[in-house]
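Student: Sharing a structure below in structure tokens format, with a few things to ask.
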Amino acid sequence: MSNTENWGSRVGLVLAMAGNAVGLGNFLRFPVQAVQNGGGAFIIPYLVCFLLMGIPLLWVEWAMGRFGGRHGHHSTPFIMHQMDPRRALWKYIGVFGIFTNLAVAAYYCYLESWTLSYIWHSIAGTFIGQSADQVAGFFSTYVDVGVSTTGIPYEAVVFWILCLALNTWILAKGLSGGVEKVAKIGMPLLILFGVILAIRGVTLTAGENGAINDGTVGLNFLWTPDYSAMWSGKVWLAAAGQIFFTLSVGMGTIQCYASYVRKKDDIALNAMSAGWMNEFVEVVLGAAVIIPISIGYLGIDKVVELTKTGGLGLGFKTLPYLFTQWGPVLAAVAGVCWFGLLFFAGVTSSLAMGTPIMGFLKDEFGWKHKNAAWFFGGVVFLLGLPCVFWFSEGVFDEFDYWAGTVSLVVFALFEIILFAWIFGMDKGWNEINAGADIKVPVIFRYIIQYITPLFLIGVFIGSLPAIWEKMNEDVPWQVWVGRVILLSVFFITSWFVYVAYQKRRKQLDTVKP
Amino acid sequence: MNTSALILMLSSVGIVTFATAYFFFRVVTAKPKPEPDSYTDNDPV
């Protein structure tokens, strides 16, 4: 077994867990969701979902991870198998915890590489003197990989490979030597960059540097509550979905990180600290950057129109242009802060995606750490090729939908059922409380057992119409290739789990007299 | 900003900031468990 790795420090573990949760969605998705779902009133269902679904799932996943680690497992197939060894089903459900990370990393590393490239372009002053349309057009040209924006052939591919190599190199350095060090540097920098931009966003003054509104106009628009939205099922579904994606639950990464914690060490307080840190980045910083700055320059109507296509356009097509209104030096500083914080948000998440796969290969097949890291990098490279070269055809979005959205809900639903109803709440509650540095309110025992599963069933059922619609829409053949690739990854991973299980059984038979 | 937006923003930001600071403070000030624990930095040299 590979339980030879350790976290360097408790703060490092909490920052790594928070980094795993904090992603690009904290800055690009949350504010857009709030704008589209009742403004300030969105925060109420959002925080309710955090309390009733987010925190319970965090505790469940931390507890599952630490339990599995005690038995030498660092990935969900055999963590889940260990929780219910009588049924063969669980280890194949646990495949989601490997499949999701491979498939999400495939497109996520590409997205992360854009931030690296945009840092470079911000410093190089590429956007200075360009019109809004030209800056927006730059992005479309950039993702059309055959066209170079800087003279580097296949620039987007070069940055993507650099980003992937960087991820792999950090993973090869190990938990405390790589992942934890990046979290300790990246999270404070991310918060610092966020604070700088938030102050700039909130203090925008109409009439200065071409701004047409004060920064507070954007805040006012974002936070003005439309209480009628609170009675809408759609708003609650959006809030639950946002909590899901922002906390990185249902992926298997939390279990993997927690599997390196010993039973006598706390998980209850760690989970709360990492979870609330993510909320701070999302609610406090995420809400104070993109919307106030965009509305400051473009006005409410234009921003509402732009948010209809999601936050990615605002982040990569609009903000770089708005930064240029501040003059060349401040534009470069703002560009480095904005894309720097997005990069740190991305890299701390993509590193987390590598660890379950590496844990699985080390535990079950005795792979060396570095070999497992480079294997992960290689597989993500191969899986990323269709996302990069068929970005415009929609393969990127397809991977995001099935692996980064639907799989999370399905897996989380299964894991809460396993934890609360099959592993059992008596054992589960003891596992959460073992070594705890805080007293977990007993009401959460019942929330985990009854409320959270009901919430998840509600989210799943609420998502079914969209899934049905997605399955029936006309898509180009490249998207079908993407779907076949995703299915293949799931089945190949399941086959690996089967082989690993047979290997374990043979070893047990050999040990028996 | 209108009053309801201001109240909602300040209360949400306040709650989230307080909870983040409180739990992180608890993590930083918690006494380490006896060795062997999960963290290598505090191991005796």
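The values are calculated or read from the model by the stated rules, or taken from the named source; none is laboratory data. On a predicted model such as this, the values are computed, not experimentally measured, just so you know. Neighbour counts are summed over all protein chains in view; Cβ atoms, including those assigned to glycine, are modelled from backbone coordinates with ideal geometry.
Student: Among A:TRP120, A:TRP114, A:TRP90, which is free of Cβ contacts under 8 Å to residues at least 60 places away in the same chain and out of contact with any strand residue (DSSP E or B) (no Cβ under 7 Å at 6 or more places or on another chain)?
Tutor: Going through A:TRP120, A:TRP114, A:TRP90 in turn, just one is free of Cβ contacts under 8 Å to residues at least 60 places away in the same chain and out of contact with any strand residue (DSSP E or B) (no Cβ under 7 Å at 6 or more places or on another chain): A:TRP120.
Student: In the range A:431-447, which residues are closer than 22 Å to B:VAL27 by Cβ and not small (Gly, Ala, Ser)?
Tutor: Selection gives A:GLU431, A:ILE432, A:ASN433, A:ASP437, A:ILE438, A:LYS439, A:VAL440, A:PRO441, A:PHE444.
Student: Report, by residue number, each residue of the range A:77-104 that is among the small types (Gly, Ala, Ser), part of a loop (DSSP other than H, G, I, E, B) and under 19 Å from A:MET358 (Cα atoms).
Tutor: Passing the criteria: only A:GLY94.
Student: Do the conditions hold for A:GLY424, that is, is it touching a residue at least 24 places away in the same chain (Cβ under 8 Å), under 27 Å from A:PRO56 (Cβ atoms) and of a type outside the set (A, V, I, L, M, F, W, C)?
Tutor: no
Student: If you don't mind, another one. Quick check on my filter: what residues within the range A:165-189 are more than 14 Å from chain B (Cβ to nearest Cβ), under 29 Å from A:PRO292 (Cα atoms) and in contact with a Ser or Thr (Cβ under 8 Å, 6 or more places away or on another chain)?
Tutor: If the condition is that a residue be more than 14 Å from chain B (Cβ to nearest Cβ), under 29 Å from A:PRO292 (Cα atoms) and in contact with a Ser or Thr (Cβ under 8 Å, 6 or more places away or on another chain), then A:GLY186 is the only one that fits.
Here's the yes/no breakdown for (1) in contact (Cβ under 8 Å) with a residue 40 or more places away in the chain; (2) farther than 28 Å from A:ILE123 by Cβ; (3) of a type in the set (Asp, Glu):
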position: A:LEU306; (1), (2), (3): no, no, no
position: A:GLN325; (1), (2), (3): yes, no, no
position: A:TRP338; (1), (2), (3): yes, no, no
position: A:MET358; (1), (2), (3): yes, yes, no
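Student: Checking the condition more than 26 Å from B:VAL28 (Cα to Cα) and in contact with a strand residue (DSSP E or B) (Cβ under 6 Å, 6 or more places away or on another chain), which residue from A:GLY25, A:GLY40 passes?
Tutor: From the options A:GLY25, A:GLY40, the qualifying one is A:GLY40.
Student: Against the definition (aliphatic (A, V, I, L, M), crowded, with 17+ Cβ neighbours inside 10 Å, within 18 Å of the chain's Cα centre (by Cα) and more than 30 Å from A:MET272 (Cα to Cα)), how does A:LEU102 come out, yes or no?
Tutor: For A:LEU102, the condition - aliphatic (A, V, I, L, M), crowded, with 17+ Cβ neighbours inside 10 Å, within 18 Å of the chain's Cα centre (by Cα) and more than 30 Å from A:MET272 (Cα to Cα) - is not met.
Student: Still on this structure: Do the conditions hold for A:PHE67, that is, is it within 11 Å of another protein chain (Cβ to nearest Cβ), farther than 23 Å from A:TYR108 by Cβ, of a type outside the set (A, V, I, L, M) and in a helix (DSSP H, G or I)?
Tutor: no
Student: Can you name the number of the only condition in (1) farther than 24 Å from A:ALA434 by Cα; (2) facing chain B (nearest Cβ under 9 Å) that A:PRO292 fails?
Tutor: It fails just one condition, (2).
Student: What number of residues within the range B:4-41 satisfy the criterion of being over 21 Å from the mean Cα position of the chain (by Cα) and either over 23 Å from A:VAL48 (Cβ atoms) or within 7 Å of another protein chain (Cβ to nearest Cβ) (or both)?
Tutor: Residues flagged as over 21 Å from the mean Cα position of the chain (by Cα) and either over 23 Å from A:VAL48 (Cβ atoms) or within 7 Å of another protein chain (Cβ to nearest Cβ) (or both) within the range B:4-41 amount to 8.
Student: Return the only residue of A:GLY482, A:GLY435 being part of a helix (DSSP H, G or I) and either surrounded by 15 or more Cβ atoms within 10 Å (Cβ to Cβ) or at pLDDT 90 or above (or both).
Tutor: Every option except A:GLY482 fails the conditions.
Student: Okay, next question. Condition first: of a type in the set (Gly, Ala, Ser) and out of contact with any helix residue (DSSP H, G or I) (no Cβ under 7 Å at 6 or more places or on another chain). Now tell me which residues in the range A:124-164 satisfy that.
Tutor: A:ALA124, A:GLY129, A:SER131, A:GLY137, A:SER140, A:GLY146, A:GLY151
Student: Can you tell me which condition A:HIS74 does not meet? The list is (1) within 14 Å of another protein chain (Cβ to nearest Cβ); (2) in a helix (DSSP H, G or I), and all the others hold.
Tutor: Every condition holds for A:HIS74 apart from (2).
Student: Test A:ALA287 against the stated conditions and say whether it is in a helix (DSSP H, G or I) and either among the aromatic types (Phe, Trp, Tyr) or away from chain B (no Cβ under 14 Å) (or both).
Tutor: no
Matching residues to (1) of a type in the set (A, V, I, L, M); (2) part of a helix (DSSP H, G or I):
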position: B:MET1; (1), (2): yes, no
position: B:SER4; (1), (2): no, yes
position: B:ILE7; (1), (2): yes, yes
position: B:VAL16; (1), (2): yes, yes
position: B:VAL28; (1), (2): yes, yes
position: B:LYS33; (1), (2): no, no
position: B:ASP41; (1), (2): no, no
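Student: Right, next: What's the number of the condition A:LEU47 fails, among (1) without any contact (Cβ under 8 Å) to a residue 60 or more places away in the chain; (2) away from chain B (no Cβ under 13 Å); (3) not β-branched (Val, Ile, Thr)?
Tutor: (2)
Student: Okay, moving on. Can you report the number of residues in the range A:1-25 which are assigned to a helix (DSSP H, G or I) and at pLDDT 95 or above?
Tutor: Within the range A:1-25, residues that are assigned to a helix (DSSP H, G or I) and at pLDDT 95 or above number 12.
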